[in-house]
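The values are calculated or read from the model by the stated rules, or taken from the named source; none is laboratory data. Worth saying up front: this structure is predicted, and the values here are computed from it rather than measured. Cβ coordinates were reconstructed from backbone atoms using ideal geometry, including for glycine residues, and neighbour counts include every protein chain displayed. These area figures cover heavy atoms from the full protein model, side chains too; ligands, DNA and RNA do not enter into them. Shrake-Rupley method; radii C 1.70, N 1.55, O 1.52, S 1.80 Å.
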Number of protein chains: 2
Amino acid sequence: MSTSSSSLLSESKKVPVGVSARHIHLAQEHVEILFGAGAVLTEFKPLSQPGQFAANETVAIFGPKGSFPKVRILGPARKATQLEVSRTDAFSLGLKPPLRESGSIEGTPGIRIVGPAGEVTVDKGVIVAARHIHFHTSDAERWGIADKQLLKVRVGGERGIVFEQVLARVSDEFALDMHIDTDEGNAAAVNTGDFGEIME
Amino acid sequence: MSTSSSSLLSESKKVPVGVSARHIHLAQEHVEILFGAGAVLTEFKPLSQPGQFAANETVAIFGPKGSFPKVRILGPARKATQLEVSRTDAFSLGLKPPLRESGSIEGTPGIRIVGPAGEVTVDKGVIVAARHIHFHTSDAERWGIADKQLLKVRVGGERGIVFEQVLARVSDEFALDMHIDTDEGNAAAVNTGDFGEIME
């Protein structure tokens, strides 16, 4: 770390907060089952991370106890299909997904996914996403933060919270943004566009 | 405060956590509109606070955008009807209730309540409950905590959180218990029966 301790102490480490509602990432083979042969996800609006987007397309998902008729797909297509829900959503669906980093889906519950052209049931892929911060490499270096480091981050006003175990993810491909789910956002009464502050 | 600073430092201040799902308190006049003339709430099971109980009776509630068909009533009847929802619930209902201490309902949204014998629409009473800890006077004295003091409380394991602005409520009528709502419980992945620790 080249950052001096004096700059660490003097600079407030403010991070924009993004509150993620339930959403799904799809493998291309599942895009084509759900939306038809040759279908590709189309961009509704860009997300904070470069190249990522909310798609125009949505799917219905069905758990053992409940369902959500319209779940937003985030694109582009990924290697594996992954549904990210809040713990509140998980109770509604009748599932007990573990807290996981995105992409870590071994041993997680499956889910039935229905699109306009077909449906697919995956045998794994449902997670509650572990809160994390995307750092561009330059932000991480400036603040002396290492990839995979666990941070404490304060957010919120009248419902202030310090989130512990916030996972740092560092890459040249990332833009600075803290991702929490709707339970976490509501518990702190924060919305996308608010700011958090890294405490340690 | 008679508590010495040495005992404050040496004793861990552990508090049981109760996660409150959406629920409603009813004025007796509304009990009778909803359940019939002369009706009284009947006990389904006792709550942590002496004399308080979850009632056998439930009601349906209807907001501008959504509804909940079965909301538990907590008894006994109170002076004013009050619906306590999570921020997640509030979005489903289409309401923006403020964060309030129980009993403080001036300027809050109203709600339509339907029971088996009738219905009532109140013009105020919907709140998101401010997190709080009930202390018996003896607990508060032992730990040097004053009524209305705002505390920081750590809860949770792999999803650990420090809740700030936790309101202390002290009375001879209370039993030690920390009350948070389902958003807060889910954000920290804690359940009723887990413990928090007062940090300061």
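Quote the Stokes-Einstein diffusion coefficient, in whole µm² s⁻¹, for chain B, based on the Kirkwood radius over alpha carbon pairs, a temperature of 25 °C and a viscosity of 0.890 mPa s.
Taking Rh from Cα pairs, D becomes 138 µm²/s.
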Sum of -39500 (n - 2.57) over DSSP H runs of 4+, divided by residues of chain B (222 nm, nearest 500):
-4500 deg cm²/dmol
Let me spell out the model: positive unit charges on the Cβ of Lys and Arg, negative unit charges on the Cβ of Asp and Glu, origin at the Cα centre of the protein assembly as shown. What dipole size does that give, in debye rounded to 20?
420
Dimensionless Rg ratio for the stretch A:107-200, taking C-alpha atoms and the 2.2 N^0.38 Å reference
1.33
So what's Rg/Rh here for the stretch B:21-129, counting alpha carbon atoms and using the Kirkwood radius for Rh?
0.93
Measuring from a point 7 Å past the Cα of B:E11 along Cα-to-C-beta, which residues in the stretch B:143-180 have an amide N at less than 14 Å?
B:143-146, B:176
Give me log10 I(q)/I(0) at q = 0.07, 0.09 Å⁻¹ for the protein assembly as shown, Debye formula, one equal scatterer per alpha-carbon, no solvent.
-0.38, -0.63
Copies compared at A:Q149 - label distances in nm, ascending, label defined 7 Å from Cα in the Cβ direction:
3.4
Where a label projected 7 Å from the Cα of B:K152 along Cα→Cβ would reach, residues of the stretch A:164-187 with amide N under 13 Å
A:164
In whole angstrom, the spacing between the Cα centers of the stretch B:56-104 and the stretch A:39-73 equals 31
Residue-wise HN-Hα coupling along the stretch A:101-117, computed from phi with Karplus coefficients 6.51, -1.76, 1.60 (Hz; x: Gly, Pro)
6, 3, x, 9, 10, 4, x, 8, x, x, 7, 9, 10, 10, x, x, 10
Please check which bits of the stretch B:184-200 a label hung off B:R78 would reach, taking the label as a point 7 Å along Cα-to-C-beta and the cut-off as backbone N under 18 Å.
none
How far is A:L99 from the same spot in each other copy, in nm, shortest first, if each label point sits 7 Å from Cα toward Cβ?
2.0
Collect residues whose amide H, placed 1.01 Å from N in the peptide plane, falls under 5 Å from the amide H of B:M199; neighbours closer than 5 in sequence don't count.
B:K152, B:V153, B:R154
Just to check I understand the Karplus step: with θ = phi - 60° and J = 6.51 cos²θ - 1.76 cosθ + 1.60, what whole-Hz values come out for the stretch A:42-53, glycine and proline as x?
10, 7, 8, 7, x, 9, 5, 7, x, x, 8, 8
List the pairs from A:K45/A:K79; A:K70/B:K65; A:K65/B:K70; A:K70/B:K96; A:K45/A:K148 whose alpha-carbon separation is above 19 Å, in the order I gave them.
A:K45/A:K79; A:K70/B:K96; A:K45/A:K148
Can you list the residues of the stretch A:158-177 whose accessible area drops by at least 50 Å² going from the chain on its own to the full set of protein chains, with a 1.4 Å probe?
A:E158, A:R159, A:V162, A:E164, A:Q165
Output row for B:F44: copy-to-copy label distances, label 7 Å along Cα→C-beta, ascending, in nanometres, one decimal, is 3.5
